[in-house]
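Asker: Got a structure here, written out as structure tokens. Questions coming.
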Amino acid sequence: MYIPPHYKNENLNEIKEFITQNSFGILVNQVNGKPWATHIPLELAIDSDGNDVLEGHIAKANKQWHYFKEDVKVLCIFNGPHSYVSSSWYTEEEVPTWNYIAVHVYGTIKIVEEAAVLDALNKLVDKYEQASKKPISLHSLSPQTMRQIKGIVGFQIKIEDIQATYKLSQGRAHDHPEIIAELEETKNPGSIAIAKCMRDKQP
């Protein structure tokens, strides 16, 4: 993706943490010569060879999986917080803009066996059930319920390239106090999250 140099983030540990915390992504490949996108959880993991991978699954009814080819790259998009930034918050005249965080991951995809799918599903459910009042485990579900695994296709994406944009008004450091204050005043969750990111990035 297009990334102006001052918005580019190359801190791999920070980017991995971002993906972990914002793992509901978009998987894009070509289906019949056209871009096809599916919105799904894409969990960061490490394969048996120590490579960074993304694990996911889609419904067998989704024809996208018929076009998964190990020698063809796919794109995974992860979005973070974003917010409109009014230029009325600047000390001099300028056009408004938008602050945001986004990560693009490129890699090659392969379909995995049912045992690997089940392992990935267990990790996925355990991760998100931690916040539940009465957490469930796939291990406690009946065989009848778990037969639904037959209706999905699991896959693994070997990560080959990561591109990260953190657009946080880097060129307007002198305006940061006002921008942050105005973002926080909106009471909008995305704007407040962007304000926090701007604070965290300050030297």
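Quick note: the coordinates plus some simple rules give every number you see, no bench work behind them. Since the structure is predicted, the reported quantities are computational estimates derived from the model, not experimental observations. Methodologically, a virtual Cβ is constructed for each residue, glycine included, from the backbone with ideal geometry; neighbour enumeration extends over all protein chains shown.
Asker: Counting each DSSP H run of 4 or more residues in the chain as -39500 (n - 2.57), what helix-only mean residue ellipticity at 222 nm follows after dividing by all residues, to the nearest 500 deg cm²/dmol?
Answerer: Roughly -8000 deg cm²/dmol at 222 nm, from the helical runs in the chain.
Asker: Chymotrypsin sites (Phe, Trp or Tyr not before Pro) within segment 1-51: which are DSSP loop residues with at most 13 other Cβ atoms inside 10 Å?
Answerer: Hits after loop and neighbour filter: Y2.
Asker: Separate question: In which sequence would D200, D175 go, from the one with the fewest C-beta neighbours within 10 Å to the one with the most?
Answerer: Ranked by crowding around the Cβ, least crowded first: D200, D175.
Asker: Report the per residue volume, in Å³, of the convex hull enclosing the C-alpha atoms of the chain. Before the final figure, lay out each step's value.
Answerer: Values: hull volume 31.7 nm³, N = 203.
Hull volume over Cα atoms, normalised by residue count, gives 156 Å³.
Asker: How high is the relative contact order of segment 5-173, in percent, counting Cα pairs under 8 Å that sit 6 or more residues apart?
Answerer: Taking the mean separation of contacting Cα pairs over the length of segment 5-173, I get 29 percent.
Asker: Continuing with the same structure: First measure r as the distance between the Cβ atoms of K60 and N13, then evaluate 1/(1 + (r/R0)^6) with R0 = 41 Å and state the FRET efficiency to the nearest 0.05.
Answerer: Once rounded, the FRET efficiency stands at 0.70.
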